[in-house]
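See structure below.
The values are calculated or read from the model by the stated rules, or taken from the named source; none is laboratory data. None of these values were measured; they are calculated from a predicted model. Backbone-built Cβ (ideal geometry, glycine too); neighbour counts: all protein chains shown. Ligands, DNA and RNA are stripped out before the accessible areas are found, and what is left, the full protein with its side chains, is counted by its heavy atoms. Shrake-Rupley method; radii C 1.70, N 1.55, O 1.52, S 1.80 Å.
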Amino acid sequence: MMKDDAQTQSIVYVVDDDASIREALKSLLASMGMRVEVFGSAAEFLKSTLADIPSCLVLDVRLPGVSGLDFQAELAKANIQVPIIFITGHGDIPMTVRAMKAGAVEFLTKPIRDQDLLDAVQLALDKDRARREAEKAVSEVRARYESLTPREQEVIALVTAGLMNKQIAAEMDVSEITAKVHRGNVMRKMGARSLAELVRMADLLGIRRAAP
Amino acid sequence: MWEQHRDLILVTIILVQAVLIAALLLQALRKRRAGETCWRSAFDASTLGMALVDRELKFVAANAAFRSMLGYGDSELRGLTPLDILVEEDREASRRLHGELAQGARQCGDLVGRYRRKDGPEVWAHVYLSAIPGQDPRLVLATAIDITSRKLAEDAARVAQSDLARIARLITVGEMTASIAHEINQPLGAVVANGNAGLRWLARATPDIEEARAALKRIVNEGHRAGQVIGGIRSMFKKDGGTKAPHDVNELVREVLALVHGEVEKERVTVRTELVDELPPVLVDRAQLRHVILNLVSNAIDAMNSQNGRARVLRLRSEHAGDNVMVTVEDSGSGIDRENMNRIFEAFFTTKPQGMGMGLSICRSIVESHGGRLSAACGHPHGAVFQVVLPGHQPGAE
């Protein structure tokens with residue numbers, strides 16, 4: 001019934017100072033087949049070691065000590081990019097706007113409808129998964145880029161700027177044949193099947209030069 | 001002047017009139033002179049209700065004012081005693097006073113009581129009794145003033161006052177609605193989440209009975225928790241003060257702090273508490289005393305909300321003060337102007353634009369009704385200090 005694999009390969013964190021809410025959410029999320037970890041305070045959450053798998057955070061806006069919104073800012077500052085689902089006792093519109101602007105996935109009002117929570121959690125996990133995949137893709141491309149020789153790195157910048165072999169040869173002060181060989185190596189080492197793909201990679205790495 | 005001494009002046013007039021008329025009457029009765037009819041006329045013409053009562057408390061004579069006050073005819077009264085027409089609860093006081101007069105233990109006295117008119121309604125009367133000297137058998141002159149309208153006005157004032165107290169309480173409660181909504185929403189949120197969890201545990205391919213059972217248990221607990229919150233609110237709204245019981249003031253202080261939590265956070269107030277453990281309990285109506293502390297704390301927060309640049313500090317202390325327990329609420333706000341210091345406990349005196357001026361006067365009357373004191377002072381270097389002193393409760397001391 002459920003995408004068991006995807007769900008056990010992810011984790012939902014709950015931070016709420018109210019023990020009974022915490023327990024209820026833990027049970028509810030667990031009954032949905034989620035892996036759950038609960039914390040009584042923002043500090044407790046920050047102290048823990050987070051698993052390196054897709055995750056999201058269910059957070060009460062009214063946390064003692066720091067407010068949920070301050071906590072959101074703190075996480076952003078610490079570069080912890082976990083998607084946040086806020087829970088609030090009563091719909092406070094300015095607060096909602098602030099939270100959403102700061103990147104909250106969803107703002108749920110208590111008592112929470114379980115389907116809303118499930119949808120929000122799925123959305124948040126998908127978002128985190130996508131972010132992680134994108135990051136992974138970038139780091140793979142970067143690793144390939146770094147395996148290039150300095151000459152080849154020069155070539156990739158020129159190729160993706162739209163220069164022809166002849167222009168590249170002139171720019172680098174080498175023969176057209178040599179330029180062509182470098183270009184072939186670049187395509188092979190980067191695993192690019194077309195120029196378009198190579199351009200996308202250069203964009204990802206932020207190394208594409210503007211066309212001359 | 002008239003208001004203050006009204007009773008005294010009335011009593012003097014009545015007694016002078018009464019003694020005068022009685023002396024003249026008696027003289028007339030004794031001598032049975034031709035002038036008797038003259039004194040009889042004076043008696044009858046008096047605007048005060050007058051009657052003569054004999055040893056057996058039977059009415060011997062009653063003037064027109066007396067008869068019309070009670071709606072009885074002359075001959076009907078003759079067969080009655082004052083006790084017959086007094087309402088049940090007021091008879092004993094009358095019987096005792098008449099007894100003392102009969103024994104010569106005293107010459108005069110007065111009582112306030114309700115008489116039942118012949119046609120039904122009750123009449124409040126202030127009755128002055130004086131024994132007439134030298135008479136055998138003894139006679140007692142009763143002079144009665146109808147004070148029904150005054151009594152009704154007093155009752156109305158009392159009702160109005162308790163209504164006002166309740167309104168003021170409701171206003172404070174209204175300000176706390178957000179906090180209370182939060183208090184109710186917590187258990188409610190837990191109930192819904194647990195209920196959903198339970199359903200999902202049961203809907204699994206292999207239903208997880210244990211998890212479902214645990215969820216149900218949590219629902220029951222949360223239901224009780226919500227009930228307690230409601231109970232607390234109801235006691236705040238209750239028209240009559242609840243019963244007094246020994247309570248820990250520290251617990252009440254903490255309860256109030258939980259109630260104003262949202263406000264404290266919003267206003268960025270720093271709360272410092274110094275609560276002495278092992279204080280004697282205080283014998284109080286919990287809701288009323290909580291109202292007092294809540295009011296003082298809300299005032300303290302209000303006093304600081306317009307202030308910039310200075311730290312907003314709310315201090316709450318509890319300590320021994322001899323056999324008493326003292327709770328101090330201190331703020332670092334704008335303080336109280338010297339000329340207002342004496343007036344802040346007056347009803348309808350307020351320095352707040354939207355204030356009704358009832359809060360502190362109600363607080364003081366609550367504290368005093370618990371045998372305590374509520375006082376205010378200036379803080380150092382700024383702010384205001386309110387102190388509630390309540391007698392410590394010694395178990396078994398009553």
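Among the criteria (1) more than 10 Å from chain A (Cβ to nearest Cβ); (2) under 26 Å from B:Val329 (Cα atoms); (3) at pLDDT below 70; (4) open to solvent by 40 Å² or more (accessible area, probe 1.4 Å), the one B:Asp248 does not fulfil is (3). Counting the residues of region A:107-152 that are of a type in the set (Val, Ile, Thr), at pLDDT 90 or above and under 17 Å from A:Val36 (Cβ atoms) gives 1.
Which one is surrounded by the fewest Cβ atoms within 10 Å (Cβ to Cβ), of the residues in region A:14-24 that are touching a residue at least 12 places away in the same chain (Cβ under 8 Å), within 14 Å of another protein chain (Cβ to nearest Cβ) and in contact with a Gly (Cβ under 9 Å, 6 or more places away or on another chain)?
Applying the first criterion (touching a residue at least 12 places away in the same chain (Cβ under 8 Å)) to region A:14-24 yields A:14-19, A:21-23.
If we keep only those that are within 14 Å of another protein chain (Cβ to nearest Cβ) as well, we get A:14, A:16-19, A:21-23.
Going one step further and asking which of them are in contact with a Gly (Cβ under 9 Å, 6 or more places away or on another chain), we end up with A:16-19, A:21-22.
Values: A:Asp16: 26, A:Asp17: 15, A:Asp18: 18, A:Ala19: 11, A:Ile21: 24, A:Arg22: 21.
Filtering region A:14-24 for residues that are touching a residue at least 12 places away in the same chain (Cβ under 8 Å), within 14 Å of another protein chain (Cβ to nearest Cβ) and in contact with a Gly (Cβ under 9 Å, 6 or more places away or on another chain), the one surrounded by the fewest Cβ atoms within 10 Å (Cβ to Cβ) comes out as A:Ala19.
The set of residues in region A:28-58 that are within 14 Å of chain B (Cβ to nearest Cβ) and either open to solvent by less than 10 Å² (accessible area, probe 1.4 Å) or modelled with pLDDT under 85 (or both) comprises A:Leu28, A:Leu29, A:Ser31, A:Met32, A:Val58.
Looking only at residues in region B:78-88 that are within 39 Å of the chain's Cα centre (by Cα) and more than 21 Å from B:Ser149 (Cβ to Cβ), which one is surrounded by the fewest Cβ atoms within 10 Å (Cβ to Cβ)? First the steps, then the outcome.
Kept after step one, since they are within 39 Å of the chain's Cα centre (by Cα), are these residues of region B:78-88: B:80-88.
Now drop any that are not more than 21 Å from B:Ser149 (Cβ to Cβ), which leaves B:80-84, B:88.
Numbers: B:Leu80: 16, B:Thr81: 18, B:Pro82: 27, B:Leu83: 14, B:Asp84: 14, B:Glu88: 9.
Taking the candidates together, the pick is B:Glu88.
Among the strands (runs of 3 or more DSSP E) confined to region B:257-356, the ones with at least 1 residues that are open to solvent by 60 Å² or more (accessible area, probe 1.4 Å) are located at B:270-275, B:313-321.
Quick test for you: out of B:Arg116, B:Arg91, B:Arg138, B:Arg158, pick the one residue that is at pLDDT below 80 and surrounded by 15 or more Cβ atoms within 10 Å (Cβ to Cβ). Just one listed residue meets the conditions, B:Arg138.
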